[in-house]
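Beneath this line is the structure, given in structure tokens, with notes to follow.
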Amino acid sequence: MKVSFLEFLRQSLQGEEPIQPLERKMAKRWVKERLKKIYPELRNDPDALERAYQELGIEQHEGAGKGASTVYEITLPNADRRF
């Protein structure tokens, strides 16, 4: 399938399509499954699992530069550091 140069240029300037709601749900589920593996005590406590997910502080940002795909930034909660 051949694409003209102008069509290629038009597609590349449009950038990425916004994330669909289903993809957001899949990403949230993946993160929660990873949390369950890391912290087994969260497996049987859905409220604690949701709190742990919310405490991660996952924020969605538009990417910059060529391609400009969506970037997710995770802000870890302040941990009580004892050295």
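A short reminder: the numbers here are calculations on the coordinates, not readings from a lab. Please read these numbers as outputs of a predicted model, since none were measured by experiment. Backbone-built Cβ (ideal geometry, glycine too); neighbour counts: all protein chains shown.
Some observations on this one:
- Between residue 70 and 63, the built amide H atoms are under 5 Å apart, and every one of these is 5 or more places off in sequence or on another chain.
- Residues whose placed amide H lies under 5 Å from that of residue 58, excluding near-sequence neighbours: 75
- Given R0 = 41 Å, the distance between the Cβ atoms of residue 56 and residue 4 translates into a calculated FRET efficiency of 0.40.
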